[in-house]
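Structure first, commentary second.
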Amino acid sequence: MATLTEPTTHTTTAPAATEDRPPMEHISIICSKGTLDMAYPGLILANAARMSGIEATLFFTFWGLDIITENTVDKLHVPTVGNPSMHIPTMLGGLPGMEGMASTMMKKQMEKLDIPDVREMVEILDDSGAEMYACRMAMDMFKRTEEDLLPQVTEVISAMDFFDKAEGAQTIFI
Amino acid sequence: MATLTEPTTHTTTAPAATEDRPPMEHISIICSKGTLDMAYPGLILANAARMSGIEATLFFTFWGLDIITENTVDKLHVPTVGNPSMHIPTMLGGLPGMEGMASTMMKKQMEKLDIPDVREMVEILDDSGAEMYACRMAMDMFKRTEEDLLPQVTEVISAMDFFDKAEGAQTIFI
Amino acid sequence: MATLTEPTTHTTTAPAATEDRPPMEHISIICSKGTLDMAYPGLILANAARMSGIEATLFFTFWGLDIITENTVDKLHVPTVGNPSMHIPTMLGGLPGMEGMASTMMKKQMEKLDIPDVREMVEILDDSGAEMYACRMAMDMFKRTEEDLLPQVTEVISAMDFFDKAEGAQTIFI
């Protein structure tokens, strides 16, 4: 597959590359999912941003709260049903233990690739200067208090506060 | 957990706060999911944007059409399988009634927090000046006509039209 | 529903329309899902962008890799459980064959609307000058090599490389 290494022909007609574009300065990531496979993309993107000198702000809301909650951070699961990408037949995916098995497999795979577990990722992000916020409404909805959260969480804020924190940032929703 | 209320030490080394950043002027939200738990984030973000004086444009596509469809807006459900964050064992999640029960619980919880139901949220957004559009392709795919939609929907438009409407906006996909 | 064709009253009080906003120049789309219903939105948005003269960069990661993998691109499925929008009772959704049936229905519907299948969409995007990248970490995680990918993929890159490619772009996560 030569096109993977050689420049493809259409690049000559595509718009000019990144030279004259303003570099990204700040990324803000809304993490709304609490599954293992959707926790990692936000954490990995934030980490890549910090490594590139880009400011990173994370806002954990809805199920995403589980990523920064002491009791749940180490128990995030990979869904095996409703997830055809797993290539597990739906009937089997629902069997007891399948979800735990898939989660263990993913965790082992991440470990092999030297990717820290979710708790460690949160610590690394904190050390790197990323800001992490919990959504007040989601906290109320799931009846959680600040004491339930990981110590790396900076503050519990509202969606409106989040817009202030995300000013000038590229915002993505996961 | 003192770090939640006190400034954390790394804020001194992090980039400067929001003072000199351009404020967000316009957010455009693509709503592609029709579940109750994924309908709220878009509506709540749009509402928070309007309350902060930020222009808000919503584009409802794929399953997201259910949020602005008369026959479905009051029947949005929370998935109980394929959603490990629910902490319901997969086998139980599939039992008849479980999804309805989880949806009822979430609706009651939102009510307790004084968060309007989805239909009211759409009305409030309309009153606040948010623009809501339906995706023409999704309308065709699900064989819906303009008569099927809530009256707050401004227009049925194509993805290309959406890019016009979203010019200069921060775009997020839910 | 007259409001769909006539201008709605609130447009007069809403912020000025798009005239004085900078047009979008570049959209970068992170495709993290491998289901048929979540593959199309990214491909369709990228296509609409190219048709509007907007540069488009796609980054396939996690389950999204299936969209650009030779062995999986023609077998993407629509989830029937964990997807209440399908309006299929959860118990039935898990029956063998239901997922295949829903996927076939969606594919036929797309065909009726003259929307190319996923493989063709990738080819069209490539012809239009969109750039498509695979995530190195996801490649390692799923043990795939460049030979497993569609020839339209430009390169396998890291998340940090992606931030370079996405400089100045509006980034969305699907």
(request) Round to the nearest 0.05 the FRET efficiency obtained for A:Glu147 and C:Glu25 when R0 = 41 Å and r is the Cβ-Cβ distance. (result) 0.35
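Per residue of B:33-43, count partner chain C-beta atoms within 10 Å of its C-beta, then hand back the mean as an integer.
Working: counts 5, 5, 4, 1, 6, 6, 0, 6, 10, 1, 0.
Going residue by residue through B:33-43 and averaging, the value is 4.
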(request) Distances from B:Leu113 to the same position in the other copies: list them in nm, one decimal, shortest first, using label points 7 Å from Cα along Cα→Cβ. (result) 3.2, 3.2
(request) Kindly write out, for the range C:58-69 in residue order, the coupling ³J(HN,Hα) from the Karplus curve 6.51 cos²θ - 1.76 cosθ + 1.60 (θ = phi - 60°), rounded to whole Hz, with x marking Gly and Pro. (result) 10, 10, 9, 9, 6, 4, x, 4, 4, 5, 10, 9
(request) Distances from C:Met101 to the same position in the other copies: list them in nm, one decimal, shortest first, using label points 7 Å from Cα along Cα→Cβ. (result) 2.7, 2.7
(message) Threshold 50 Å², probe 1.4 Å: give the residues of the range A:129-145, in number order, that are less accessible with all protein chains present than with their chain alone.
(response) A:Met137, A:Met141
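Within 10 Å of each Cβ of B:158-170, how many other protein chain Cβ atoms are there on average? Before the final figure, lay out the partial values.
Working: counts 3, 9, 7, 2, 3, 12, 6, 2, 5, 9, 7, 4, 11.
For peptide B:158-170, the averaged partner shielding equals 6.
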(request) Mind listing the long-range amide H neighbours of A:Leu149? Cut-off is under 5 Å, sequence gap 5 or more, other chains count too, H placed in the peptide plane at 1.01 Å from N. (result) A:Glu70
(message) On the Cα set of the range B:91-174, report Rg and Dmax in Å, please.
(response) 16.8, 46
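Report the C-A buried area as the accessible area lost on both sides summed, probe 1.4 Å, in Å² to the nearest 100.
Working: alone 10910 and 10930 Å², together 17940 Å².
Accessible area lost upon association: around 3900 Å².
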(message) Please list 3J(HN,Hα) in residue order for the range C:132-139, calculated via the Karplus relation 6.51 cos²θ - 1.76 cosθ + 1.60 where θ = phi - 60°; whole Hz, with x for glycine and proline.
(response) 10, 10, 9, 7, 4, 4, 5, 4
(request) Please work out the FRET efficiency for the pair C:Ser158 and B:Ser158, using the Cβ-Cβ distance as r and a Förster radius of 25 Å; give the result to the nearest 0.05. (result) 0.10
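The values are calculated or read from the model by the stated rules, or taken from the named source; none is laboratory data. None of these values were measured; they are calculated from a predicted model. Ideal geometry is used to build each Cβ from the backbone, glycine not excepted, and the neighbour counts take in all protein chains shown. When the accessible area is computed, the model is the full protein with side chains, heavy atoms only, and any ligands, DNA or RNA have been set aside. Shrake-Rupley method; radii C 1.70, N 1.55, O 1.52, S 1.80 Å.
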